[in-house]
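Okay, structure first, notes after.
The values are calculated or read from the model by the stated rules, or taken from the named source; none is laboratory data. Keep in mind the model is a prediction, meaning the values are calculated, not measured. Cβ atoms come from the backbone with ideal geometry, glycine included; neighbour counts cover every protein chain shown.
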Amino acid sequence: IGTVEPFVLGESFNEYLSRINVLFEVNEIKQKSKPDFLTLGGASLYKVASKVCDPEEPKLKPYEKLCELLKAHLSPVISVVAERFKQKLSPEKRMNEYVIMLKSAAQKCKFGAFLSEALRDQFVAGIKDNELRKQLLREEDISFEKATAIARTWEAAKEENEAMKRRSCYRCGRLHDPHTCPAKEWTC
């Protein structure tokens, strides 16, 4: 059932290997199949496998050993410290995208039981909007879930406010709040 596209160099080998193993499981392939793995992986993966197995052919290595060699070659060593401080909210990202990015990045950081607090701290520190950050810092013992809920509400309110600013004034037709319209006191 199904298939997996060939491996693309530069993408996560661990994720690719996980998908291959799911494919084997779904298709009830009890013995992890090197030929299937090497065939599904495509030409670029086979080329890398040939280099890491040299002088042997990849098909002669046990499946687990082949995967271990490929992981060592294709999965760079990640600095836990660097990963923990890498993620910041860029202006073009929405809050939901930022939350997903943080959770994804946190998987590499080995936070363990400290995960929720670390996500909260990185979330608050990475927010560019000073007013929102101040609001979050005012909250006593705020959880990651509450911080993200406040930020999403803030983002929605900010977008609504911007949309209201773009509405045309019923007095003069320009784009501004009717209460601050210069034509407010004029008579026709």
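Restricting attention to the stretch 126-164, report how many residues are of a type outside the set (D, E, K, R), part of a helix (DSSP H, G or I) and touching a residue at least 24 places away in the same chain (Cβ under 8 Å). Give the steps one after another, and end with the answer.
So in the stretch 126-164, the residues of a type outside the set (D, E, K, R) come out as 126-127, 130, 132, 135-137, 142-144, 147-151, 153-154, 156-157, 161, 163-164.
Filter once more, keeping what is part of a helix (DSSP H, G or I): 126, 130, 132, 135-137, 144, 147-151, 153-154, 156-157, 161, 163-164.
Now narrow it down to the ones that are touching a residue at least 24 places away in the same chain (Cβ under 8 Å): 126, 144, 147-148, 151, 154.
So the answer is 6.
Looking only at the stretch 165-177, count every residue that is modelled with pLDDT of 80 or more and either in a helix (DSSP H, G or I) or in contact with a helix residue (DSSP H, G or I) (Cβ under 6 Å, 6 or more places away or on another chain) (or both) and tell me the total.
4
Would you point out which residue out of Cys188, Cys169 is crowded, with 16+ Cβ neighbours inside 10 Å and either more than 18 Å from Asn96 (Cα to Cα) or free of Cβ contacts under 8 Å to residues at least 12 places away in the same chain (or both)? Walk me through it before giving the result.
Working: Cys188 fails: crowded, with 16+ Cβ neighbours inside 10 Å.
Going through Cys188, Cys169 in turn, just one is crowded, with 16+ Cβ neighbours inside 10 Å and either more than 18 Å from Asn96 (Cα to Cα) or free of Cβ contacts under 8 Å to residues at least 12 places away in the same chain (or both): Cys169.
Which of the numbered conditions does Glu139 fail, given that it passes all the others? Conditions: (1) touching a helix residue (DSSP H, G or I) at 6+ places or on another chain (Cβ under 9 Å); (2) under 14 Å from Met95 (Cβ atoms).
(2) is the only condition that Glu139 fails.
Quick one: how many residues across the stretch 17-37 are closer than 20 Å to Ser75 by Cβ and touching a residue at least 24 places away in the same chain (Cβ under 8 Å)?
4
Could you please let me know if Glu155 is crowded, with 16+ Cβ neighbours inside 10 Å and more than 17 Å from the chain's Cα centre (by Cα)?
Details: crowded, with 16+ Cβ neighbours inside 10 Å: yes; more than 17 Å from the chain's Cα centre (by Cα): yes.
Yes.
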